[in-house]
Amino acid sequence: MSGPELEFHRPDGPWRAPAGAGPGVEECLLAEDPESGRRTALVRWTPGTDTSAAGVARHEVWEEVYLVEGAMHDLTLDRTFTAGMYACRPPGMPHGPWTSPDGVTMLVITYP
């Protein structure tokens, strides 16, 4: 698997709304390998973000998520997840929808 060669640095890329994202969601792409489909991004939700309109999410890729700061509440599970928590979701695993009253920043890694 190839990818960019990046030594330690402070990410300074632009924050943009990912394709298909709802209001309040944006990401800063850290690394991407178009050949393999692997992506690493910081994703942040502004305070008050609510993904209910999108319903339960399912992806065709693996998704690993580490909550860097803030918290998010899973409306299906009725559980709140906070900074320092980690999830690893295989393709097709249902999750969400979510709310984040105070906002959240997460590290998200996806791959086939």
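The values are calculated or read from the model by the stated rules, or taken from the named source; none is laboratory data. Note that the structure is predicted; figures quoted are calculated from it, not measured. For neighbour counting, all protein chains shown are included, and Cβ atoms are generated from backbone atoms with ideal geometry for every residue, glycine included. Areas reflect the complete protein model, heavy atoms only, side chains present, ligands, DNA and RNA absent. Shrake-Rupley method; radii C 1.70, N 1.55, O 1.52, S 1.80 Å.
Below is a table of values for the structure above.
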quantity	calculated
Hits in the stretch 57-100 (condition: basic (K, R) and closer than 16 Å to R39 by Cα)	R89
Scope the stretch 83-106; condition small (G, A, S) and surrounded by fewer than 16 Cβ atoms within 10 Å (Cβ to Cβ); matching residues	A83, G84, A87, G92
Residues of the stretch 5-20 satisfying the condition of being open to solvent by less than 100 Å² (accessible area, probe 1.4 Å) and either in contact with an Asp or Glu (Cβ under 8 Å, 6 or more places away or on another chain) or modelled with pLDDT of 90 or more (or both)	P11, P14, W15, A17, P18
Which listed residue is within 14 Å of the chain's Cα centre (by Cα), β-branched (V, I, T) and more than 19 Å from P18 (Cα to Cα), from T49, T82	T82
Flag for T105 being among the polar types (S, T, N, Q) and touching a Lys or Arg at 6+ places or on another chain (Cβ under 8 Å)	yes
